[in-house]
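Trainee: Here it is, the structure, as structure tokens.
The values are calculated or read from the model by the stated rules, or taken from the named source; none is laboratory data. For clarity, every value in this text was computed on a predicted model and none was experimentally measured. Using ideal geometry, Cβ is built from the backbone for each residue, glycine included, and neighbour counts are taken over all protein chains shown. Accessible surface is based on the protein model in full, side chains and every heavy atom, while ligands, DNA and RNA are left aside. Shrake-Rupley method; radii C 1.70, N 1.55, O 1.52, S 1.80 Å.
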Amino acid sequence: DPVRYRVGTLNGVMSGAATVTVTFARIGLALENRISDNRDLNGNGITDAGDLAAFEFTVTNTGNVPLTGVTVAATSLPMPGLVCDPVDLAAGAGAVLHCTGAGYVITDQDMQAGEIAMSATAHATDPWGLPVSARDMIEQPVTQPVEPTLRLTKHALLTRIRAGQDVPFEITVEN
């Protein structure tokens, strides 16, 4: 809110009214990480252990001052080649980071847990050179492939059978 004031001298002479608006810096950074693609590396046609989950990182400046050098600095899953090009963000702006090495090979443990869980941390610098960070956690469900099974039951409809006789059967198939 603006502040209105008047200045007076020691002998009582008053100035005209003046208004000052003070804006306080609000620093904020948000991060969203998500799986943008699954690549079937083992060629079996389903997403499972051995396949690659490709991650995408979106950063947003939620403050009212610019941020510089915004990038993802760490993830909880092994991504040894992860490098994201840093970006500068104006107040309120967002960007999808251009990253290389943002892939994770899905493990048997992920499949058994039923999800791929990963946290990531983004870092930036405010206009005064102070660090700013944001963290995001993703829990993406993965499902175990179901082995197809059929059960076949065959039952003769006659109780007494002679040699050479046609025998009708009832066949039941269950999935």
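Trainee: Hey, residue 124 hits all of (1) exposed (fewer than 15 other Cβ atoms within 10 Å of the Cβ); (2) touching a strand residue (DSSP E or B) at 6+ places or on another chain (Cβ under 7 Å); (3) not in a loop (DSSP other than H, G, I, E, B) but one; which does it fall short on?
Mentor: All conditions are met except number (1).
Trainee: Separate question: Out of the residues in the stretch 94-121 meeting the condition of being assigned to a loop (DSSP other than H, G, I, E, B) and open to solvent by less than 30 Å² (accessible area, probe 1.4 Å), tell me which one is farthest from residue 71 (Cα to Cα).
Mentor: Among those residues, the one meeting the criterion is 114.
Trainee: Here is a follow-up. Of the numbered conditions (1) assigned to a loop (DSSP other than H, G, I, E, B); (2) surrounded by 10 or more Cβ atoms within 10 Å (Cβ to Cβ); (3) not polar (S, T, N, Q), residue 134 satisfies every one except a single condition; which is it?
Mentor: (1)
Trainee: Which numbered condition in (1) free of Cβ contacts under 8 Å to residues at least 40 places away in the same chain; (2) within 23 Å of the chain's Cα centre (by Cα); (3) within 24 Å of residue 131 (Cα to Cα) is the only one that residue 37 fails?
Mentor: The number of the failed condition is (3).
Trainee: OK, next. Could you check the stretch 12-74 for strands (runs of 3 or more DSSP E) lying wholly inside it with 3 or more residues that are surrounded by 13 or more Cβ atoms within 10 Å (Cβ to Cβ) and modelled with pLDDT of 95 or more? Quick ask: steps written out before the conclusion?
Mentor: On the way: elements: 18-20, 29-39, 52-61.
So the answer is 29-39, 52-61.
Trainee: Please tell me if residue 59 is in contact with a strand residue (DSSP E or B) (Cβ under 6 Å, 6 or more places away or on another chain) and of a type outside the set (Ser, Thr, Tyr).
Mentor: Against the criterion (in contact with a strand residue (DSSP E or B) (Cβ under 6 Å, 6 or more places away or on another chain) and of a type outside the set (Ser, Thr, Tyr)), residue 59 qualifies.
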